[in-house]
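Here the structure is laid out as structure tokens; the discussion comes afterwards.
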Amino acid sequence: MGERQSAATVSPRDPRALAKAIEVTTSSWRAERRAARVRRRATLLHWLEDSLFGYRMPPAARLISEAEWRRDSVDVFCWRCGATRAPFEDLQRGCAECRERRLSPRGLTFHGVVRLGRYAPPLSQWVPAIKQRAWREMGIILGRELGHQVAEAIASGRIARPDAVVPVPVHWTRRLLRGIDHTSTLADEVARVIGVPMAQPLRARLAGRQTGASRDSRVGNRGRFLLRGAALPDDCEEVLVVDDVRTTGGTSLDAIRALRGLGVKGASVAVCAVADPPRRSAAGFGRPSGAGGAFGKRENVDSF
Ligand SMILES: [Zn+2]
């Protein structure tokens, strides 16, 4: 009798009703599974669009004009390290930050650094997004701007005219994962503007991540680049090394050191943004006044 009662509580007495209940449960379970599959596919597509193709990034040219961004005039930063110049600072032998520091390997003439601006909004939002969001359009526009900045620096005798433009190499796995070779994108445009070939004689060893690494760990991260056999143009003595962001200068120093093995005698560096040393950035030298949001109304790249 106890058995009958418990059967009655868990299932209807009518076998047809029981079958019906099972069918409803099964079909709702199937529907849920189908919905989950659709959701997963949508997420994957969204991720592909976001990370590989950069389709979801806003139009770069419009953002730049809305932010009223302009590249720095060459007298607002140190010719030697690219840091923002303090008011009335004498830069003849470099700024107070770099005067005592070795910025290039021995036996090589270092002409200095050309930058678009300091690593602060909007550049600190646009430049990392080129590699993190495969934002090719922004890479091309900023690369072109950097090319014009370099052309001005050459015309004014600030740096030597290079025989080749060399991007800081990115490890192939990162290139593949990001869907963009951001330094080559920039270097390609620089080379085009100044009418000099781009060359890629270096390859990167897979080292620790740079993004988010502390200044100290970056300084210690040496010997990251190897020669890969592809040559520089004949009689190439002067190179321009192109990178996206400069922090300590360790990356470009490593690249120049590796290039010295190819008979390079002089080097300059061109970067989109220079992160000022902590002292200088805290003082707020060269901070723009009343700059709008880097992405229009929205402040953060992650909101896209
Ligand atoms: Zn300096």
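None of the figures in this text is laboratory data; all of them are computed from the coordinates on show. Values in this document were obtained by computation on a predicted structure and should not be read as measured data. With ideal geometry, Cβ positions are generated from the backbone for all residues, glycine too; neighbour counts draw on all protein chains shown.
A Förster radius of 25 Å, combined with the Cβ-Cβ distance separating Asp235 from Ser156, puts the computed FRET efficiency at roughly 0.50.
Amide H to amide H distances under 5 Å link His111 with Ala267, Ser268, where only residues 5 or more positions off or on other chains count and H is placed in the peptide plane. Just to check I understand the Karplus step: with θ = phi - 60° and J = 6.51 cos²θ - 1.76 cosθ + 1.60, what whole-Hz values come out for segment 122-132, glycine and proline as x? Taking θ as phi minus 60°, the curve returns x, 4, 5, 9, 6, 5, x, 5, 4, 8, 6 Hz for segment 122-132.
Annotation: extensible slack from Arg228 through Arg39 equals 63.6 nm (criterion: 0.36 nm per residue apart, minus Cα-Cα distance). Between Phe88 and Arg102, the contour length at 0.36 nm per residue exceeds the alpha carbon distance by 2.7 nm.
In this structure the amide hydrogen of Arg246, modeled in the peptide plane, comes within under 5 Å of the amide hydrogens of Ala273, Val274, Ala275, none closer than 5 places in sequence on its chain.
Phi-derived couplings, Karplus 6.51 cos²θ - 1.76 cosθ + 1.60 at θ = phi - 60°, listed residue by residue for segment 67-74: 7, 6, 7, 10, 5, 4, 6, 5 Hz, with x used for Gly and Pro.
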